[in-house]
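A.B. asks: First, the structure itself, so that you have it in front of you.
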Amino acid sequence: MNIKKGDNVIVMKGKDAGKKGKVLSVFVKENRVLVEGLNMKKRHVKAKNKSEKGQTVEVAYPVSRSNVSLLDPKSNKPTRLGSKMVAGKKVRIAKKSGQEV
């Protein structure tokens with residue numbers, strides 16, 4: 001998977017289409033990424049002790065990898081990834097601008 005933790009992405013499809021966020025974690029086996037503040041769903045949480053009340057909490061859920069695209073660091077628009085060798089080390093580059101990601 002070419003998207004890594006800490007990358008800035010944009011959602012291309014679904015209810016959050018057009019929204020941008022930072023990748024919090026990547027689930028390689030499920031082919032999903034967790035983006036902060038996107039794909040929010042409500043969870044009902046039980047009270048931990050008798051003095052507290054149960055509550056409803058909004059939690060971010062993973063999004064399919066195919067529905068997100070990496071943001072170009074220069075133009076802040078969706079781009080594909082490529083790679084090239086720089087000083088004997090393989091680095092990821094944005095196809096649109098050619099800058100390192």
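The values are calculated or read from the model by the stated rules, or taken from the named source; none is laboratory data. Being a predicted model, the structure only gives us computed values, none of them experimental. Neighbour counts run over all protein chains shown; Cβ positions are idealised from the backbone, glycine included.
A.B. asks: In this structure, does Ser66 turn out to be in contact (Cβ under 8 Å) with a residue 12 or more places away in the chain and of a type in the set (Gly, Ala, Ser)? Lay out the reasoning, then the answer.
C.D. replies: Working: in contact (Cβ under 8 Å) with a residue 12 or more places away in the chain: yes; of a type in the set (Gly, Ala, Ser): yes.
Criteria met by Ser66.
A.B. asks: Also: In region 48-70, how many are of a type in the set (Gly, Ala, Ser) and in contact with a strand residue (DSSP E or B) (Cβ under 8 Å, 6 or more places away or on another chain)?
C.D. replies: Of all residues in region 48-70, those of a type in the set (Gly, Ala, Ser) come to 51, 54, 60, 64, 66, 69.
Applying the additional criterion that residues be in contact with a strand residue (DSSP E or B) (Cβ under 8 Å, 6 or more places away or on another chain) yields 54, 60, 64, 69.
Selection size over region 48-70: 4.
A.B. asks: Here's a follow-up. Here are the criteria: (1) of a type outside the set (A, V, I, L, M, F, W, C); (2) surrounded by fewer than 17 Cβ atoms within 10 Å (Cβ to Cβ); (3) within 29 Å of Lys95 (Cα to Cα). Tell me which single one Gly21 does not satisfy.
C.D. replies: Going through the list (1) of a type outside the set (A, V, I, L, M, F, W, C); (2) surrounded by fewer than 17 Cβ atoms within 10 Å (Cβ to Cβ); (3) within 29 Å of Lys95 (Cα to Cα), Gly21 breaks only (2).
A.B. asks: Take Leu34 and decide whether it is touching a Ser or Thr at 6+ places or on another chain (Cβ under 6 Å) and not charged (D, E, K, R).
C.D. replies: Working: touching a Ser or Thr at 6+ places or on another chain (Cβ under 6 Å): yes; not charged (D, E, K, R): yes.
When the stated conditions are applied, Leu34 passes them.
A.B. asks: Within region 46-91, can you find the residues that are more than 23 Å from Lys5 (Cβ to Cβ) and in contact with a Gly (Cβ under 7 Å, 6 or more places away or on another chain)?
C.D. replies: Matches in region 46-91: Lys46, Ala47.
A.B. asks: Of a type outside the set (Lys, Arg) and modelled with pLDDT of 95 or more: which single residue out of Ser25, Ser51, Ser83, Ser75 fits that description?
C.D. replies: Details: Ser51 fails: modelled with pLDDT of 95 or more; Ser83 fails: modelled with pLDDT of 95 or more; Ser75 fails: modelled with pLDDT of 95 or more.
Result of the check over Ser25, Ser51, Ser83, Ser75: Ser25.
A.B. asks: Of everything in region 1-32, what is basic (Lys, Arg) and over 8 Å from the mean Cα position of the chain (by Cα)? Give them in sequence order. First the steps, then the outcome.
C.D. replies: The initial filter retains those residues of region 1-32 that are basic (Lys, Arg), namely 4-5, 13, 15, 19-20, 22, 29, 32.
The answer is Lys4, Lys13, Lys15, Lys19, Lys20, Lys29, Arg32.
A.B. asks: Tally up the residues in region 13-37 that are in a strand (DSSP E or B) and more than 21 Å from Lys77 (Cβ to Cβ), please. Show your work before the answer.
C.D. replies: Of all residues in region 13-37, those in a strand (DSSP E or B) come to 20-27, 32-35.
From what's left, more than 21 Å from Lys77 (Cβ to Cβ): 24-27, 32, 34.
Total satisfying the criteria: 6.
A.B. asks: Mind checking which residues of region 28-37 are surrounded by 13 or more Cβ atoms within 10 Å (Cβ to Cβ) and charged (D, E, K, R)?
C.D. replies: Filtering region 28-37 down to residues surrounded by 13 or more Cβ atoms within 10 Å (Cβ to Cβ) leaves 32-35, 37.
Answer for region 28-37, where residues must be surrounded by 13 or more Cβ atoms within 10 Å (Cβ to Cβ) and charged (D, E, K, R): just Arg32.
A.B. asks: Is it the case that some residue within region 39-49 is over 22 Å from Ser83 (Cα atoms), of a type in the set (A, V, I, L, M) and touching a Lys or Arg at 6+ places or on another chain (Cβ under 8 Å)? Steps first, please.
C.D. replies: Keep residues of region 39-49 that are over 22 Å from Ser83 (Cα atoms), which gives 39-49.
Imposing the further condition that a residue be of a type in the set (A, V, I, L, M) reduces the set to 40, 45, 47.
Now drop any that are not touching a Lys or Arg at 6+ places or on another chain (Cβ under 8 Å), which leaves 47.
Taking every residue of region 39-49 in turn, at least one turns out to be over 22 Å from Ser83 (Cα atoms), of a type in the set (A, V, I, L, M) and touching a Lys or Arg at 6+ places or on another chain (Cβ under 8 Å).
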